[in-house]
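Read-outs: derived from the displayed coordinates by stated rules, not from any lab. Everything numeric in this text was worked out from a predicted model, so none of it was measured.
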């Protein structure tokens, strides 16, 4: 994947990636014949661990020189005591202020600020905790405020579109770089949104599959699936 795709998938600015490469030798790209950087899925996986370690307060010089096993040990050592229940409670407490901040940006239609904070939270929490402890409560609160009239339809559409774009930017580079089987995901005709498909792909831990979505208004998704699955990837 390109440096731009790597940046979108991790939330690390491209200039920061270039600086880390110069100072610490990671992430080290391969070069195309035209001199452009290209990064592997292994580099992406390690970089996401780096971002999580940095969010815990570790120094860049330490985590950028560490391998995946060392990074995993650093993250495991920082895990809260008390097992999964304690971790869930801590994560929920930590994201309360985050969710509130996102909602305030939605109220003011502050797209750039919302996207910036989405990147920060995703990098700090990691993929699945980000969805479960930040995105899920955000969507619940958004729906409740819309239902009681505290937020309007424009706010709901604004927030949903921004969040859907953000999540898509994170999984799309993995799908495009995949050499594994193509999975086709579609919603029922009565479902007018693609949230279920977006959530499923974002929740997936697999980086070895390519994904394709059928439009929610597709009249015959079963007849479309064979054509999608056999089409050349672009």
Discussion item. Over segment 82-169, what is the relative contact order in percent, taking alpha-carbon pairs closer than 8 angstrom and at least six residues apart?
Written reply: 35
Discussion item. Give me the extension gain from residue 108 to residue 19: residue separation times 0.36 nm, minus the current Cα-Cα distance, reported in nm with one decimal.
Written reply: 28.6 nm
Item to complete: Could you state, as a whole-number percent, how many of the C-alpha pairs of segment 82-169 are farther apart than 15 Å?
Response: 57
Discussion item. Rounded, prolate or oblate for segment 3-77? Axes are the square roots of the Cα gyration tensor eigenvalues, ordered a ≥ b ≥ c, and the cut-off for rounded is a/c under 1.5.
Written reply: prolate
